[in-house]
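Trainee: Starting off with a structure, shown below.
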Amino acid sequence: MAKNSDRRTEPVRLRELLQAPPGEGVDLALYDADATPAGPGDKAAGLAATAAMAAPLAGLQERLYAAATAGDRRRLLLVLQGMDTSGKGGTIKHVIGHFNPSGCRIKAFKAPTPEERDHHFLWRIMRELPHSGEIGIFDRSHYEDVLIARVRGLAPRERIRRRYGEINGFERALAEDGVTFVKVFLHISYEEQRKRLLRRLDNPDKHWKFQPDDIEARELWPAYRKAYELALKRCSTADAPWYIVPADRKWYRNWAVSRLLLEHLEELDPQYPGTDLDLERYRKMLLEGA
């Protein structure tokens, strides 16, 4: 998916275009954050195409939720990671709005609390996993413990190296238990982040979103990029692949994440459960005035 704007006319699975190569090195400098691989031709078409996915996504979510009432343990977990301003919150607002909120479990992970620091780094993640039939959404995730922890030196380097394997084992076990992972790295460029931070400074309604730490983090951009490249290389597996979504264009970001969710839910193909009830009997009772 390096530096292109694929405009194929034949059906294409977006997941195949955007998936980080399992076990291979990832050089994010080769991935164009402004690209629109396999996407609609422009913003207007992208907005329309995203809106058109609302009904099928909602229908698939309902089927997934309904199937769980009959013992289907499957569920889906969307993991969103990216540099500040890459649009994790915006993605949740525009994409998850397709779904019934009662079937979603959304968690934004902040810095660990004292209680969380007293446990294994995966402890707080396990507490927020989606239940059978649900769609879970993580704004940041367990990957913070190999990203910010690595860049800021919050844990010994050897411990961080072990965490990649722990994450892979954790995700493999969840996949075997019915969790479908959609792990998305929202890839924003250095210059686009500058523009978004400036807009926060220029708009009084956005001042609350600006933090001085955002400027300090920009000084650590190369270190963060390296940390993401390592996570993408070591933790993009057959059980839980990573997808690199260009995020400079918000409309494309929203379209791409919606499309990835749709492809995965269509592959799951959940079905409404049947019933052993005598439906004709109950229909007759209602018609007769019950």
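Trainee: Could you give P(r) for the range 67-153, binned at 5 Å from zero, as whole percent values over all Cα-Cα pairs?
Mentor: With a bin width of 5 Å, the distribution comes to 3, 12, 22, 22, 18, 13, 7, 3, 1, 0.
Trainee: A further question on this structure: Looking at this model, which pairs from Lys183/Lys250; Lys206/Lys250; Lys43/Lys233; Lys43/Lys110 are more than 29 angstrom apart at the alpha-carbon?
Mentor: The pairs that break the limit, which is 29 Å between Cα atoms, are Lys43/Lys233; Lys43/Lys110.
Trainee: Okay, next question. For the chain, max minus min Cα coordinate along each principal axis, in Å, sorted largest first?
Mentor: Projected onto the principal axes, the Cα atoms of the chain cover 74, 48, 42 Å.
Trainee: In what order, largest first, do Val146, Val12 sit by accessible area if the probe radius is 1.4 Å?
Mentor: My answer, sorted largest first, is Val12, Val146.
Trainee: Based on the alpha-carbon gyration tensor of the range 92-202 and its eigenvalue square roots a ≥ b ≥ c, which shape applies: rounded if a/c is under 1.5, prolate if not and a/b is larger than b/c, or oblate?
Mentor: Cα axes put the range 92-202 in the oblate bin.
Trainee: Average the reciprocal distances over every distinct pair of alpha-carbons in the range 192-259, invert the result, and give the Kirkwood radius in Å.
Mentor: Over the range 192-259, the inverse of the mean reciprocal pair distance is 14.4 Å.
Trainee: I'd like the projected area of the range 1-145, averaged over all directions, using the convex hull of its alpha carbons. Report it in nm² with one decimal.
Mentor: The orientation-averaged projected area of the Cα hull of the range 1-145 comes to 11.1 nm².
Trainee: Which of Pro246, Pro212, Pro222 moves the most in a Gaussian network model of the chain with Cα springs under 10 Å?
Mentor: It is Pro212.
Trainee: Report the charge-dipole magnitude of the range 225-287 in Debye, nearest 20, computed about the Cα centre from +1 at each Lys and Arg Cβ and -1 at each Asp and Glu Cβ.
Mentor: Using Cβ point charges on Lys, Arg, Asp and Glu, the range 225-287 gives about 540 debye.
Trainee: Between Glu263 and Leu277, what length in nm is gained on full extension when 0.36 nm per residue of separation is reduced by their alpha carbon distance?
Mentor: So the extension gain works out to 1.7 nm.
Trainee: Here's something else I'd like to know. State, to one decimal in nm², a quarter of the convex hull surface area for the C-alpha atoms of the range 115-158, i.e. the direction-averaged projected area.
Mentor: Computed as one quarter of the Cα hull surface, the answer is 3.8 nm².
Trainee: Only Cα pairs under 8 Å and at least 6 apart count here; give the relative contact order of the chain as a rounded whole percent.
Mentor: Normalised by residue count, the contact order of the chain is 33 percent.
Trainee: Only helical DSSP H runs with n ≥ 4 go in: add -39500 (n - 2.57) per run for the chain, normalise by residue count and round the 222 nm mean residue ellipticity to 500 deg cm²/dmol.
Mentor: After summing the helix terms and dividing by the residues of the chain, the value is -13500 deg cm²/dmol.
Trainee: Return, for the Cα atoms of the range 155-268, the radius of gyration and Dmax in Å, separated by a comma.
Mentor: 17.2, 48
Trainee: Okay, next question. Rounded to whole Hz and in sequence order, give me ³J(HN,Hα) for the range 55-68 from the Karplus expression 6.51 cos²θ - 1.76 cosθ + 1.60, θ = phi - 60°, writing x for Gly and Pro.
Mentor: Residue by residue, the range 55-68 yields 5, x, 5, 5, x, 5, 4, 4, 5, 5, 5, 5, 4, 5 Hz.
Trainee: How about the range 53-117: which trypsin sites (Lys or Arg not before Pro) there lie in a loop by DSSP and see at most 12 other Cβ atoms within 10 Å?
Mentor: In loop regions of the range 53-117 (DSSP not H, G, I, E or B), the sparsely surrounded trypsin sites (Lys or Arg not before Pro) are Arg73, Lys110.
Trainee: Nearest 5 percent is fine: what portion of the DSSP beta bridges confined to the chain is antiparallel?
Mentor: Percent antiparallel among DSSP bridges in the chain is about 5.
Trainee: Here is a further query. With the crude spin-label approximation of a point 7 Å out along Cα→Cβ, what separation in nm comes out for Glu176 versus Ala54?
Mentor: The modelled label-to-label distance comes out at 4.1 nm.
Trainee: Would you mind pulling out the separation of the Cα centroids of the range 209-228 and the range 153-174, in Å?
Mentor: After rounding, the separation between the Cα centres reads 22 Å.
Trainee: Roughly speaking, what is the stretch gain from Lys206 to His131, that is 0.36 nm per residue apart minus the C-alpha to C-alpha distance, in nm to one decimal?
Mentor: 23.5 nm
The values are calculated or read from the model by the stated rules, or taken from the named source; none is laboratory data. Please read these numbers as outputs of a predicted model, since none were measured by experiment. Glycine also receives a Cβ, built like all others from the backbone with ideal geometry; neighbour counts cover every protein chain displayed. With ligands, DNA and RNA removed, areas are computed over all heavy atoms of the protein, side chains included. Shrake-Rupley method; radii C 1.70, N 1.55, O 1.52, S 1.80 Å.
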